[in-house]
Amino acid sequence: MSSLPPNSSLGPGSTVMPIKRPDVIAFNLKGKSALYAAWLPLLKGGGLFMQTVKPHQLGDEVLVVLSFLDEPMKLPLTGKVVWVNPAHATGNRPQGVAIQLPDTDAGKELKKKIEGILAPVAKSDRATHTL
């Protein structure tokens, strides 16, 4: 007995792998200090670190719903995990992941906006959530 639908292009014995949907993280950036701690300027296109206890692997796709400072609109971003802080990371850094901003108009616009906001503190020695 086959579990394939009629007229399927898959042959007998084929297996159908479930599609993995990206994890969703709601991320609320309130204030410039939170933005500074989360920003990863060294990544091509920039990146954002988000605290989460849910385990992720490098390369996992994540959908981020970003609330940005005092703006009423939420910005959806899809990106790949490029950094993982495990639980009990060195330097008292919080557990979480960072995604690289997407190479899209929205990603480029967000990068430009973040760099404008953080320009006065761009050369700061303050610690961030990743470095």
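Per-structure values
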read-out: Residue count for the stretch 63-79, restricted to those that are surrounded by fewer than 17 Cβ atoms within 10 Å (Cβ to Cβ) and in contact with a strand residue (DSSP E or B) (Cβ under 7 Å, 6 or more places away or on another chain); value: 8
read-out: Filter pass, SER33 being open to solvent by less than 50 Å² (accessible area, probe 1.4 Å) and more than 11 Å from the chain's Cα centre (by Cα); value: no
read-out: Subset of the stretch 40-84 (residues that are among the polar types (S, T, N, Q) and assigned to a loop (DSSP other than H, G, I, E, B)); value: THR52, GLN57
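The values are calculated or read from the model by the stated rules, or taken from the named source; none is laboratory data. Values in this document were obtained by computation on a predicted structure and should not be read as measured data. When we count neighbours, we look across all protein chains shown, and the Cβ atoms used for this are built from the backbone with ideal geometry, even at glycine. When the accessible area is computed, the model is the full protein with side chains, heavy atoms only, and any ligands, DNA or RNA have been set aside. Shrake-Rupley method; radii C 1.70, N 1.55, O 1.52, S 1.80 Å.
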